[in-house]
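Heads up, the thing below is written out as structure tokens.
The values are calculated or read from the model by the stated rules, or taken from the named source; none is laboratory data. None of these values were measured; they are calculated from a predicted model. Using ideal geometry, Cβ is built from the backbone for each residue, glycine included, and neighbour counts are taken over all protein chains shown.
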Amino acid sequence: MTQLRAHGDSGQAFPIYITVVAGLLFLALAYLAVGQAAVNRSGAQTAADAAALAAAQETRDRLTDRWLADLSDPTKWQDIFAGKGSGDDCWRAEQLAAENDATLLGCAPGPLNYEVKVETNKPIGDSVVPGVADTKSTESARAVIKALCDLPGGGAEGDALPQLKCGDKTWTVNPDDKAGLPGPGDLFDVHLATNDEG
């Protein structure tokens, strides 16, 4: 009788075993679906970051060109470093979004910042989670352009232009020495905004 009970227990355990294995398989597929969604969101965030930074860097370079063009008139420097009339370089954000397999949904240029929103071109794909196969990820990013230079308070001495202090370096501004002038990275910093920057 003991042997018969052993076979009976074995028969009862088999359906439980099948149920447990099926449950574990479903959990594995669910984790895979979560992973697919996370990868898709990560791709969207990468595209948004790249798009915002690209637009901000384009504006930074243009502001630098304006500063070089108005080098001999220090009264115009303040407006340049404040980003006045900086224009709209959202076309650059659109380019970088496309290069990262995403579409630019929105771009809001500020005087010294860009806010962008992108959507991935590829959906999440087949998943055990119903209704998400065709879902695309959407993410936003904000890039900030920060002037690094302290503008001279006084005027120029004689015909010389005032010196420009950028960070821990002081530049002697000489229009005849283009190689000795600060570059875009010396005049402005471009970075993704943190939470405390709004």
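A few notes on this one:
- Tally of residues being surrounded by 15 or more Cβ atoms within 10 Å (Cβ to Cβ) and either within 14 Å of ASP189 (Cβ to Cβ) or among the hydroxyl-bearing types (Ser, Thr, Tyr) (or both) across region 62-87: 5
- Cross-chain or 6+ apart pairs with Cβ under 7 Å, region 59-82 first and within 18 Å of ALA160 (Cα to Cα), then part of a helix (DSSP H, G or I) and among the polar types (S, T, N, Q): none
- Within region 179-192, residues that are under 15 Å from GLU58 (Cα atoms) have Cβ atoms under 6 Å from residues that are part of a helix (DSSP H, G or I) and among the polar types (S, T, N, Q) in these pairs: PRO184/THR64; LEU187/THR64; VAL190/GLN57, counting only partners at least 6 apart in sequence or on another chain.
- Taking the criterion of being more than 27 Å from ALA55 (Cα to Cα), surrounded by fewer than 16 Cβ atoms within 10 Å (Cβ to Cβ) and not hydroxyl-bearing (Ser, Thr, Tyr), the residues of region 172-194 that qualify are ASN174, PRO175, ASP176, ASP177.
- Within region 45-89, restricting attention to residues that are polar (S, T, N, Q) and part of a loop (DSSP other than H, G, I, E, B), the residue that is farthest from the chain's Cα centre (by Cα) is SER72.
- In the condition set (1) within 20 Å of the chain's Cα centre (by Cα); (2) more than 14 Å from ALA44 (Cβ to Cβ); (3) modelled with pLDDT under 95, GLU139 is compliant with all but (2).
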